[in-house]
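J.: Mind having a look at this structure? Questions to follow.
The values are calculated or read from the model by the stated rules, or taken from the named source; none is laboratory data. The structure displayed is predicted, hence computed values, not measured ones. Ideal geometry is used to build each Cβ from the backbone, glycine not excepted, and the neighbour counts take in all protein chains shown. Please note that ligands, DNA and RNA were not included when accessible areas were found on the heavy atoms of the full protein model with its side chains. Shrake-Rupley method; radii C 1.70, N 1.55, O 1.52, S 1.80 Å.
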Amino acid sequence: MQISVIGAGYVGLTTAACLAEIGHQVLCADNDLDKLKKLNSGLLPFFEPHLDSLVKNNAASGRLQFTSPTEAIERGSAIFICVGTPPLESGEADLSAIESVARTIASTARGYRLVIEKSTVPVQTAKRLWKHLAIYNVNGLDFDVVSNPEFLREGSAVGDFFHPDRIVIGAESPRAVAMMKEIYAPVLTSPAACPIHSHCPPVHEVPLIVTDTNSAELVKHASNSFLAMKISFINLVADACEAAGADIAKVAEGIGSDQRIGQSFLNPGIGFGGFCFPKDLQAFVRIGEKLGCDFSLLKEVENINLRRVEQFVAKVRKELWVLRGKTLAIWGLAFKPETDDVRFAPALNIARRLLAEGARIRAYDPQAMQKAKDELPGITYCLSPNEAAHRADAILILTEWAEFRRPDWAELAKTVAHPLVIDGRNLCASEELAAHGFQYVCIGRPQLALPTAAKEFEVSPLLGLAPLASPPLSASARPLP
Ligand SMILES: NC(=O)c1ccc[n+]([C@@H]2O[C@H](COP(=O)([O-])OP(=O)(O)OC[C@H]3O[C@@H](n4cnc5c(N)ncnc54)[C@H](O)[C@@H]3O)[C@@H](O)[C@H]2O)c1
């Protein structure tokens, strides 16, 4: 099928390349001319595993081309709208890019078009889109509007396209449903087309959920809000663990072993970020208000998340007292590993707070430094974790990149000014760090390396007593000066 994808960002470019890979003829368009120029010269505007080769191969075969939105709209029978829907000041989604694409479709396209809303939008947007296309239609355009929410995760977006948990189609006409089934047929029926695994995960039938457009739109916002809720929930429980002297790793394992709950998204930390959860949660709260529904549950999910940054900074302050003049190594800037995306990344918010208190920051991220530089000048960007740790008073782990899990602690012990690791992602093994003389502070777990004297004065706010079962101190743990 001749398909057009409008918006060549994380969602649009991935969708375009994957649709080309499964055999469609795809035109990918963007109104950012620099981005188009880059793509046309074989460069990707962002990092996503496996996408580079997929784009190059399909561009070389001629199945994937990059062009202007107008040309893409003129030529595509199915038009995927994948433009950004960033938050407005009020928290509502800004739909101006969607509206602008709709106007171009209405004024440019002729014959029949299937207009597919893939961007994340508030419920009832497809209805508005339909009305808008009808009002601005000047060429007797015949069209359907479909909601096809996107669930890809940055960092595993290509794999997610070929092995989705489900495909949701919100449509109001049999013709639209039939076209959507045709578009996704290779993924629904033959996962062997996957270009990234030599052995794909066991073949299972991909659930195809066909519904009305309002329900499809709600599936997306409700899914992201639920996942955000799970993260805030486990962060609350982690706080309780910390206060009561329990271990969140074991508590999460115990909770998640219940099949009704599951293990995923039970990792405590510095909170969720990225271009989806924070903005989609806010937008869903505003949608609830507009619909007259009580969404206070979700407001609290957001509040808990916002507090994570301040709580982490308080941990740093607790260990280092005054931050002015201290050197802090930050490992990880992206909002999650395997991406260069720093939009709404908690690491950046933490860095800003630490800078405001007068700390000097030396940061390293395997992929996200270029993007972070635009948002966060005034810190030193380093070429390796060890370079960042040079003469640092503490190493702060803020993104769970695999390479931060087991670095050469012996080498690092020689480099740092003070052997302290504050881990916002619970990535490391406390025993290993203690063995190299590092004090290790993480989230919701007992500390191994507290000096005896400090532990004696430690009081549980819940019981008013010292923790009953103190974990053993490592003999090699270096005491605080
Ligand atoms: N990033 C994710 O992980 C993810 C996952 C699922 C859903 N989504 C949703 O998908 C949508 C896109 O997200 P993204 O991360 O790809 O955003 P992005 O910012 O990476 O990409 C959006 C692209 O749209 C282009 N654009 C904006 N207005 C345009 C216009 N009028 N005409 C043509 N191009 C235009 C921009 O230049 C940009 O390249 C959002 O609604 C987002 O919430 C994102």
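J.: Checking the cross-link filter: which lysines have an alpha carbon closer than 23 Å to that of K118, excluding same-chain neighbours under 8 positions apart?
T.: K35, K127, K131, K181, K220, K279, K290, K336
J.: Take the Cα radius of gyration of region 140-180 and divide it by 2.2 N^0.38 Å, with N its residue count; two decimals is plenty.
T.: This ratio for region 140-180 stands at 1.45.
J.: Still on this model: Given a Förster distance of 22 Å, report the FRET efficiency between M1 and A60 from their Cβ-Cβ distance, rounded to the nearest 0.05.
T.: So the FRET efficiency works out to roughly 0.60.
J.: When the Karplus curve 6.51 cos²θ - 1.76 cosθ + 1.60 is applied with θ = phi - 60°, which whole-Hz ³J(HN,Hα) does each residue of region 80-90 get, with x for Gly and Pro?
T.: Listing the rounded values in order: 8, 8, 10, 7, x, 10, x, x, 7, 3, 6 Hz.
J.: For E182 and R352, compute 0.36 nm times the residue count separating them, minus their Cα-Cα distance, and round to one decimal in nm.
T.: In short, 56.4 nm is gained.
J.: Additional query: Can you give the FRET efficiency to the nearest 0.05 for Q263 and S173, using r as the Cβ-Cβ distance and R₀ = 60 Å?
T.: My answer for the efficiency is 0.90.
J.: Let me ask you something else. Going 7 Å from the Cα of L43 along its beta-carbon direction, which residues of region 326-365 have the amide nitrogen within less than 20 Å of the resulting point?
T.: 339-342
J.: Take E89 and I135, extend 7 Å from each Cα along the Cα→Cβ direction, and tell me the distance between the two endpoints in nm.
T.: Distance between label points: 2.4 nm.
J.: At a temperature of 4 °C and a viscosity of 1.567 mPa s, determine how fast the chain diffuses translationally according to Stokes-Einstein, using the Kirkwood radius over alpha-carbon pairs as Rh; express D in µm²/s, rounded to the nearest whole number.
T.: 53 µm²/s
J.: Using a 1.4 angstrom probe on heavy atoms only, work out the carbon and sulfur share of the accessible area of region 178-250 in %.
T.: 65 percent
J.: Okay, moving on. Could you pull out every one of the lysines with an alpha carbon less than 17 Å from that of K38, ignoring same-chain neighbours closer than 8 positions?
T.: K56, K371
J.: Follow-up question, since we're still on this one. Using only Cα atoms and rounding to the nearest 10 degrees, what angle (0 to 90) does helix 125-136 make with the longest principal axis of the chain?
T.: So the inclination is approximately 40 degrees.
J.: Let me ask something else. What percentage of the solvent-accessible surface of region 35-148, computed with a 1.4 Å probe over protein heavy atoms, is contributed by carbon and sulfur atoms?
T.: Carbon and sulfur together cover 49 percent of it.
J.: Taking 0.36 nm per intervening residue step and subtracting the Cα-Cα distance, what contour gain separates R153 from E300 on full extension?
T.: 50.5 nm
J.: Here is a further query. Is any residue of region 406-423 close enough, with backbone N under 19 Å, to a label point placed 7 angstrom from the Cα of A435 along the Cα-Cβ axis, and if so, which?
T.: Flagged as within label range: 406-415, 419-421.
J.: In whole Hz, with x marking every Gly and Pro, tabulate ³J(HN,Hα) for region 253-265 from phi via Karplus 6.51 cos²θ - 1.76 cosθ + 1.60, θ = phi - 60°.
T.: For region 253-265, the Karplus-derived couplings read 4, x, 5, x, 6, 6, 4, 6, 9, x, 7, 6, 6 Hz, x marking Gly and Pro.
J.: Just to confirm, what accessible area per residue do you get for the chain at 1.4 Å probe, in whole Å²?
T.: Per-residue accessible area for the chain comes out at 44 Å².
J.: S215 to D52: FRET efficiency via 1/(1 + (r/R0)^6), r the Cβ-Cβ distance, R0 56 Å, to the nearest 0.05?
T.: So the FRET efficiency works out to roughly 0.95.
J.: Another question, then. Once both axes come from the Cα atoms, what is the angle between helix 213-244 and the longest principal axis of the chain, in degrees from 0 to 90, rounded to 10?
T.: Between helix and principal axis, roughly 0 degrees.
J.: As a check on your grasp of the helix formula, calculate [θ] at 222 nm for the chain: sum -39500 (n - 2.57) over DSSP H runs of n ≥ 4, divide by the residue count, round to the nearest 500.
T.: That calculation yields -13500 deg cm²/dmol at 222 nm.
J.: Which of the GluC sites (Glu not before Pro) across region 24-123 are loop residues per DSSP, with 14 or fewer other Cβ within 10 Å?
T.: E89
J.: Put +1 on the Cβ of every Lys and Arg and -1 on every Asp and Glu Cβ in the chain; which of G424, V210, A394 then has its Cα farthest towards the positive end of the dipole?
T.: Checking the options against the dipole of the chain, the answer is A394.
J.: May I pose another question? What percentage of the solvent-accessible surface of region 310-392, computed with a 1.4 Å probe over protein heavy atoms, is contributed by carbon and sulfur atoms?
T.: For region 310-392, the apolar C and S fraction of the accessible surface comes to 54 percent.
J.: Hey, quick one: spin label on E205, modelled 7 Å out along Cα-Cβ, who in region 153-177 has an amide N within reach, i.e. under 15 Å?
T.: Within reach of a label on E205, which here means backbone N under 15 Å from a point 7 Å along Cα→Cβ, region 153-177 contributes 166-167.
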